[in-house]
1. Using amide H atoms built in the peptide plane, which far-off residues or other-chain residues are under 5 Å from Leu63 H to H?
2. Kindly write out, for the stretch 37-48 in residue order, the coupling ³J(HN,Hα) from the Karplus curve 6.51 cos²θ - 1.76 cosθ + 1.60 (θ = phi - 60°), rounded to whole Hz, with x marking Gly and Pro.
3. Return the long-range amide H neighbours of Tyr42 (sequence gap of 5 or more, or a different chain), with a cut-off of under 5 Å between placed amide H atoms.
4. If each of Glu24 and Tyr53 carries a label point 7 Å out from its Cα toward its Cβ, how far apart are those two points in nm?
5. By the gyration tensor of its Cα atoms, with a ≥ b ≥ c the square roots of the eigenvalues, what is the shape of the chain: rounded for a/c under 1.5, prolate for a/b over b/c, or oblate?
6. Tell me the trypsin sites (Lys or Arg not before Pro) within the stretch 5-77 that lie in a loop according to DSSP and have at most 14 other beta-carbon atoms within 10 Å.
7. At a Förster radius of 25 Å, what calculated FRET efficiency corresponds to the Cβ-Cβ distance of Ala76 and Gln39, to the nearest 0.05?
Amino acid sequence: MNVIPLKQEFALCLINEGYEVSLEIGKLYRVIADDTAVQHGYLRLVDESGEDYAYAAHRFYVLHLPEEVEETLLLAH
């Protein structure tokens with residue numbers, strides 16, 4: 001069973017160079033908690049393939065959204 005934590009992070013894609021099929025500039029992506037990826041300068045997120053992959057963190061702007069907005073975004077995915 002996939003349990004989604006109450007507090008989620010979302011990241012806005014700023015740079016998709018080299019990953020045009022996997023990432024869309026201006027799109028919000030759900031961030032998957034991965035401390036190892038963060039320690040190495042990456043964010044793990046669910047991309048356009050529907051799978052989670054690690055991408056360089058500089059490609060994104062991490063957003064901290066109100067809980068109501070997070071819930072709406074999670075329901076939409």
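Quick note: the coordinates plus some simple rules give every number you see, no bench work behind them. Computed from a predicted structure; not experimentally measured. Methodologically, a virtual Cβ is constructed for each residue, glycine included, from the backbone with ideal geometry; neighbour enumeration extends over all protein chains shown.
1. Amide H to amide H, under 5 Å and 5 or more residues apart or across chains, Leu63 pairs with Phe10, Ala11, Leu12.
2. Going residue by residue, I get 4, 4, 4, 9, x, 10, 10, 9, 8, 8, 9, 5 Hz, with x marking Gly and Pro.
3. Ala57
4. 1.6 nm
5. Numbers: a/c = 1.58, a/b = 1.35, b/c = 1.17.
Cα axes put the chain in the prolate bin.
6. Numbers: sites: Lys7, Lys27, Arg30, Arg44, Arg59; in loops: Lys7, Lys27.
Passing sites in the stretch 5-77 are Lys7, Lys27.
7. Details: r = 30 Å, r/R0 = 1.21.
Once rounded, the FRET efficiency stands at 0.25.
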